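The structure appears below as structure tokens.
The values are calculated or read from the model by the stated rules, or taken from the named source; none is laboratory data. These figures come from a predicted structure and were not determined experimentally. So basically every Cβ, Gly included, is an ideal-geometry build from the backbone, and we count neighbours across all protein chains shown. The area values use the complete protein model at the heavy-atom level, side chains included, leaving out ligands, DNA and RNA. Shrake-Rupley method; radii C 1.70, N 1.55, O 1.52, S 1.80 Å.
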Amino acid sequence: MSSYILCQIKRASLPFYIKNISMNIYSIEELCYYLYHNIYLLDETIINEHLCDWLKKELGLNRLYQKLYRILEDERGTGDFILAIFREINYLSHEEFRKMNEELVLLEQQPDTVRKKKKGDYLVNNKMYVNAIRMYEDALVSTETDNMGIQFAGEIYNNMGYAYLKLFQMEEAKNCFKKAYEKLHTHQILKEYLSVCRMVMSDEEWKAEGGRLGVDPAVLREIEEDFEKTRPSVGEKMPEEIDEMLQELTREYHRSTGF
């Protein structure tokens, strides 16, 4: 992005808040950066009249405000809306602009279910796990309508299990990984499922579940060894390190849940 000049437009006194990833935007450069790097997060929560009003009131971009309002009124789509913002400060080079336009065209051609899953994946990457789970749930509802197939649903359940795992909601994570394995039958997902089972089940229940699934004893031993390695690692930390770790986990939890 070498074709734009940093802070061409003044910074806002009041930021534009992006709910999806709990971010405040203070300048059009920051807005362009967000739009460029989060293409699958662009929806009605940011492509709306509120953004138009903010650009006018906070940044004084009256001409851009009028362009964007016309695009909304004409229902010309996400691509026209964000490309108009990029053009305002020549944020992209000609080649970057061309590639971005192609991505937007492909995005708008994809089934709604695919866009929802990819949005969930982006939210996971931004550690917004609660929002990601909601998006995955929406995607699952429409998988049958869009005829996406069992494999696609399995991928959603697997990713949703990971999101629940990051929120320490182990039962929900276990159930998602179980559904993912029932649809995909991959060795990696089986290990993920049994690893979570090891955390929430008794020794007897866990071994019985491994037996029910016909898991190789060597795989169970490997999972057991990994589980045992994680248990003493916390105890070996100094008290101040434990406190710092808990504070970081608390911050991440609040950020990802919005509470």
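Brief remarks follow.
- Those aspartates and glutamates that a straight Cα-Cα span of less than 13 Å connects to LYS67, excepting residues fewer than 8 apart in one chain: GLU49, ASP53, GLU75, ASP80, GLU88
- Every pair of different Cα atoms in the range 44-112 enters the Kirkwood calculation, which places the hydrodynamic radius at 12.7 Å.
- The heavy atoms of LEU92 present about 20 square angstrom of accessible area, all protein chains included, probe 1.4 Å.
- Cβ-based net charge around TYR40, under 13 Å, with every Lys or Arg adding one and every Asp or Glu removing one: 0
- If you take the alpha carbon atoms of the range 1-91 and fit the smallest convex hull around them, that volume is 86 Å³ per residue.
- Partner lysines for LYS119 [C-alpha distance under 25 Å; skip if fewer than 8 residues away on the same chain]: LYS19, LYS99, LYS127, LYS166, LYS174, LYS178, LYS179, LYS183
- Sites PHE168 and GLU44 - FRET efficiency at Förster radius 25 Å, r taken between beta-carbons, to 0.05: 0.20
- Geometric extent, Cα atoms of the range 85-139 - Rg, Dmax (angstrom): 14.2, 38
- Distance histogram in 10 Å bins (all Cα pairs of the range 147-231, percent per bin): 19, 50, 28, 4, 0
- Hydrodynamic radius by Kirkwood, which averages 1/r over all alpha carbon pairs of the range 85-225, in angstrom: 17.0 Å
- Nitroxide proxy distance, nm - points 7 Å out along Cα→Cβ at GLU204 and GLN188: 3.6 nm
- Bridging of LYS118 to aspartates and glutamates at a Cα separation below 18 Å is possible for ASP43, GLU44, GLU102, GLU103, GLU108, GLU137, ASP138, GLU144, ASP146, GLU155, once same-chain residues fewer than 8 apart are set aside.
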